[in-house]
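Trainee: Questions regarding the structure given below will be posed in turn.
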Amino acid sequence: MAKNDRILSYEEEQELLKPIDSYVGAIQEQINALRADGTDKVVALSNHIAIIKENANHSKEEKKAIIAADQEKLAEAKAIEAQHKAKINELIRDAVSYLDKNYDSQYFDPVAKSCDAQKAAEESRYAAELAELKAEHEKELAGLTDQGEIKDEKYVYKNRQFDAKLKHDSTLQEIKDRRHNAYAYRYHLIDLLRLSHFTQKEKRKQKWENYKYTFNTRQFFLANGLYIVIICVFILLCILAPVVKNTKLLTVNNILNILQAASPRMFLALGVGGLILLGGTDLSVGRMVGTSMVLSTMIMHKGINTGALFGHIYDFTMLPVGVRVIMALVVCCIVTTTFASIAGFFTARFKIHPFISTMANMLIMFGLMTFATKGVSFGAIEVSIPKMIMPKIGRFPTIILWAVAAVAIMYFVWNRTTLGKNMYAVGGNAEAAAASGINVFKVTITAFAIAGILYGFGAWLECIRMVGSGSASYGQGWETDAIAACVVGGISFSGGIGKISGIVVGVLIFTALTYSLTVLGVDTNLQFVFSGMIILAAVTIDCLKYIQKK
């Protein structure tokens, strides 16, 4: 073993660290002295003002007087802070520059090499211990003839192996902790110098180190195994497409087609995602789409409708095209939101599982629309509408921008509003959420209503994308696609877990897979088999995560 790779003792490590602590510590003392009457007082006074504002023990006049006195002192402290700012920044630059030049070479690199040497020594020790245990076990077995005693010896041997493995893993973790702590200490010093302000480069380095430190192979494959399998399948399809169909999958046109087809489905998945986040689901999505397609096509139809609704033929051609487009959107959203809210009401008020309430919706809507239209399609809409709502910029279909806007809005709702926080709380534990003062009924109804709006908007976009084709049977199986996209994207059926980014990834994965299978000529019915397998795999992985946490 090289001299530089020897295992360092704790005392030797501290000796290496002394010059660094001494240099940076001296600078930190100067900075602390400069901050005492400036930054420290600004923070203390600001906190005191915030506390006084919330203090119910003081009258309004007392609060005003205390805050006025604090603000006067605060102004003085800010003036001192500004006066010392340049000097403090100069000292910080000096300390950080010293750390950049000396920390790795004087401290971290020797510690890292020591950890590598200690790890190698531990691996050798563990291998020798296993060999010794095996030799002892074989020696004991050689002298035994009774089957019961042989069985006991094998049991004892397994326990010894298990104990040795535990000790080995514990030692490796200690070595890993030691190296990580040596790496992180540098940023601890910078944290004190800059008061928790880091550059983007420093943040990235810390993030990468923390990822390596906490990386666990089992957790990684539980979180990403399904994605890896799907990506491998997609790569296989990309290889097969030129051979089987003499066409390429990975082309700009195909990618744009996938994004275009995914855009309306994104609205549906975002709606379902909110309900799954609450620990529910929605089986009526496909019927929402079918109903909206009929209504949208009927209103935006080119000329007088050829199909009848409840025996009446409607004519909206006297209205301007723009008015008909807006009218179709409003009608779709009202209908879908009404039905979704009804399901939400029964779920929230009577504790009926969303599986039942939305299944009832599915049957009611399908029955009504099939009876109303007698199964007749309403044909095509005005050809000018798609160019009006989703014109192409070169080859780029602007329908994608509608989906991007929906994702941005729902990201804001989930992550930046009280409603979003309450949805996570209710999904995680409805009883605890209610006990903490959250109105579970209101949150549930609102989530269903938002889902209804998203269904109506998505179906309206799909109608325009397909230039009509209003049929009550349209959207069959879309509920499974939407649910599968959410589950694949990490929205847990146990509730309270999931991200908008996961839904986006899930929708793109499913749309790309469906598109690829269609290009390869795989029967539509067989595509349901793929969807079912993916859903089963995704839910199984989700259950494994839940079981492991318990």
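No lab work stands behind these numbers, since they all come straight from the coordinates. Please read all numbers here as calculations on a predicted model, not as lab measurements. All Cβ positions, glycine included, derive from the backbone under ideal geometry; neighbour counts span all protein chains shown.
Trainee: Report, please, the projected area of the chain averaged over directions, based on the convex hull of its C-alpha atoms, in nm².
Mentor: On the way: hull surface 169.5 nm².
For the chain, averaging the hull's shadow over all directions gives 42.4 nm².
Trainee: If you don't mind, there's one more thing I want to ask. Taking only Cα atoms, what is the 0 to 90° angle, nearest 10, from helix 500-519's long axis to the longest principal axis of the chain?
Mentor: 60
Trainee: Ranked highest first by average number of other Cβ atoms within 10 Å, how do 259-269, 332-342, 84-94, 388-398 line up?
Mentor: Working: 259-269: 24.9, 332-342: 21.5, 84-94: 14.5, 388-398: 12.7.
By packing density, highest mean first, the sequence is 259-269, 332-342, 84-94, 388-398.
Trainee: Quick one: which of 497-505, 24-32, 243-251, 458-466 comes out on top by average Cβ neighbours within 10 Å, and what's the full order, highest first?
Mentor: Details: 497-505: 20.3, 24-32: 15.8, 243-251: 11.4, 458-466: 25.9.
Result, highest mean first: 458-466, 497-505, 24-32, 243-251.
Trainee: In deg cm²/dmol and to the nearest 500, what is the mean residue ellipticity at 222 nm of the chain if only DSSP H runs of at least 4 residues count, each as -39500 (n - 2.57), divided by the residue total?
Mentor: Numbers: 19 runs with 428 residues, N = 550.
Roughly -27000 deg cm²/dmol at 222 nm, from the helical runs in the chain.
Trainee: Show which aspartates and glutamates lie in cross-link reach of Lys158 when reach means a straight Cα distance below 16 angstrom and same-chain residues fewer than eight apart are skipped.
Mentor: Straight-distance partners of Lys158: Glu129, Glu132, Glu136, Glu138, Glu140, Glu149.
Trainee: Sticking with this structure for a sec: Quick one: dipole size for region 219-549, taken about the Cα centre, charges +1 on Lys/Arg Cβ and -1 on Asp/Glu Cβ, in debye to the nearest 20.
Mentor: Working: 19 positive and 9 negative charges, 90 e Å.
Dipole size: approximately 440 debye.
Trainee: May I ask which of Lys302/Lys442; Lys78/Lys207; Lys167/Lys212; Lys113/Lys165; Lys87/Lys203 have a Cα-Cα span longer than 30 Å here?
Mentor: Working: Lys302/Lys442 41 Å; Lys78/Lys207 33 Å; Lys167/Lys212 22 Å; Lys113/Lys165 24 Å; Lys87/Lys203 25 Å.
Where the Cα-Cα span goes over 30 Å, the pairs concerned are Lys302/Lys442; Lys78/Lys207.
Trainee: Okay, moving on. Between rounded, prolate and oblate, where does region 1-140 land on the alpha carbon gyration tensor, with a ≥ b ≥ c its root eigenvalues, rounded for a/c under 1.5, else prolate if a/b exceeds b/c? Could the numbers behind the result be given before it?
Mentor: On the way: a/c = 6.43, a/b = 2.21, b/c = 2.91.
Judged from the Cα gyration tensor, region 1-140 comes out oblate (a/c at least 1.5, b/c at or above a/b).
Trainee: For Ala142 and Ile409 in the same chain, what is the full-extension length gain: residue separation times 0.36 nm, less their Cα-Cα distance, in nm?
Mentor: Working: separation 267, 0.36 × 267 = 96.12 nm, distance 7.27 nm.
Gain on extension, Ala142 to Ile409, equals 88.8 nm.
Trainee: Nearest 10 degrees, 0 to 90: what angle lies between the long axis of helix 252-277 and the longest principal axis of the chain (Cα atoms)?
Mentor: 80
Trainee: What is the packing order of peptides 127-140, 357-370, 413-426, taking the mean over residues of other C-beta atoms within 10 Å and listing the highest first?
Mentor: Numbers: 127-140: 12.8, 357-370: 19.1, 413-426: 17.3.
Peptide ranking by packing, descending: 357-370, 413-426, 127-140.
Trainee: Where the convex hull is taken over the Cα atoms of region 409-550, what is its projected area averaged over directions, in nm²? Can you show the working numbers first?
Mentor: Values: hull surface 41.0 nm².
Dividing the Cα hull surface by four gives the mean projection, 10.2 nm².
Trainee: Roughly how tilted is helix 399-416, in degrees to the nearest 10 and between 0 and 90, from the longest Cα axis of the chain?
Mentor: In the chain, helix 399-416 runs at an angle near 50 degrees to the longest axis.
Trainee: Run the numbers for Ile49 and Gln30: contour at 0.36 nm per residue of separation, minus the present Cα-Cα distance, in nm.
Mentor: Values: separation 19, 0.36 × 19 = 6.84 nm, distance 2.80 nm.
Length gained, Ile49 through Gln30: 4.0 nm.
Trainee: Now for a separate question. Lys/Arg Cβ at +1, Asp/Glu Cβ at -1, dipole of region 311-461 taken about the Cα centre: which of Val376, Phe396, Phe355 is farthest positive-ward?
Mentor: Toward the positive end, the furthest listed residue is Phe396.
Trainee: Find out how many positive minus negative residues lie around Gly344, taking Lys and Arg as positive, Asp and Glu as negative, among other residues whose Cβ is under 15 Å from that of Gly344.
Mentor: Numbers: positive: Arg349, Lys351, Lys442; negative: Asp282.
It works out to a net charge of +2.
Trainee: Relative contact order, percent, of the chain when contacts are C-alpha pairs under 8 Å separated by at least 6 residues?
Mentor: Working: 648 pairs, mean separation 99.8, N = 550.
Contact order relative to length: 18 percent.
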